[in-house]
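Nothing in this text is a laboratory measurement; each read-out follows from the coordinates by a stated rule. As the structure is a prediction and not an experimental result, all values here were calculated from the model. Heads up, the Cβs are rebuilt from the backbone with ideal geometry, glycines too, and the neighbour counts pull from every protein chain shown.
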Amino acid sequence: MEETKTKPANPGPLGLLGFGMTTILLNLHNAGVIELSAVIAAMGFALGGLAQIIAGIFELKQGNTFGGTAFTAYGCFWWSLIFIWLNPGGKVAAADGKSMGFYLLLWGIFTLFMYVGTLKHNLATQVVFLSLAILFFGLAAGDFTGAEAVSRVAGIIGVFCGASAVYNAMGQVLKGEYGREVLPLG
């Protein structure tokens, strides 16, 4: 009996969709379009958190340190952000502008280093990570200064960032289905 080997699926699009769709939704809030609500928290928990962590684990299993680190870390970012919002038990002080500023600044620094890693990847991935780094630094600046206008501009950048991740994911899915590049990824 001949054993057939199946090619492992690409977990990247799942992770990118989890990141992209959740990022769009949250940044519609940051841009002042929608209120922060259970809709954003639920999307962050399920698609932003869980789906990215699952994708990250599969990336690591396939030997992709970059993809595994990115998806697992950003999945945990979503869970930690929801934890911050909900502050279960209330036994620690609620987040303030200064603490959120440092939180977002650290994520920006991490993302900037990850962006350097994307210089070996396609242009679509570079756009996702560069716009994400700018987003984190913008949101940190908004929290540090308390300037709502800065946070709103960062929100617009965030919508772009999330959309670029969704585009990247769909480009990969369609390439896998059609065996050729349907959406250019660069």
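Can you pull out the residues in the stretch 25-61 that are hydrophobic (A, V, I, L, M, F, W, C) and more than 16 Å from ILE82 (Cα to Cα)? LEU28, ALA31, VAL33, ILE34, ILE54, ALA55, ILE57, PHE58, LEU60 - these are the residues of the stretch 25-61 that are hydrophobic (A, V, I, L, M, F, W, C) and more than 16 Å from ILE82 (Cα to Cα). Of all residues in the stretch 59-82, those being touching a residue at least 24 places away in the same chain (Cβ under 8 Å) and surrounded by fewer than 20 Cβ atoms within 10 Å (Cβ to Cβ) number 7.
Among the numbered criteria (1) part of a helix (DSSP H, G or I); (2) in contact with a helix residue (DSSP H, G or I) (Cβ under 7 Å, 6 or more places away or on another chain); (3) surrounded by fewer than 18 Cβ atoms within 10 Å (Cβ to Cβ), which single criterion is violated by PHE113? The single condition PHE113 does not satisfy is (2). What's the number of the condition LEU106 fails, among (1) touching a residue at least 12 places away in the same chain (Cβ under 8 Å); (2) under 15 Å from the mean Cα position of the chain (by Cα)? Tallying (1) touching a residue at least 12 places away in the same chain (Cβ under 8 Å); (2) under 15 Å from the mean Cα position of the chain (by Cα), LEU106 fails exactly one: (1).
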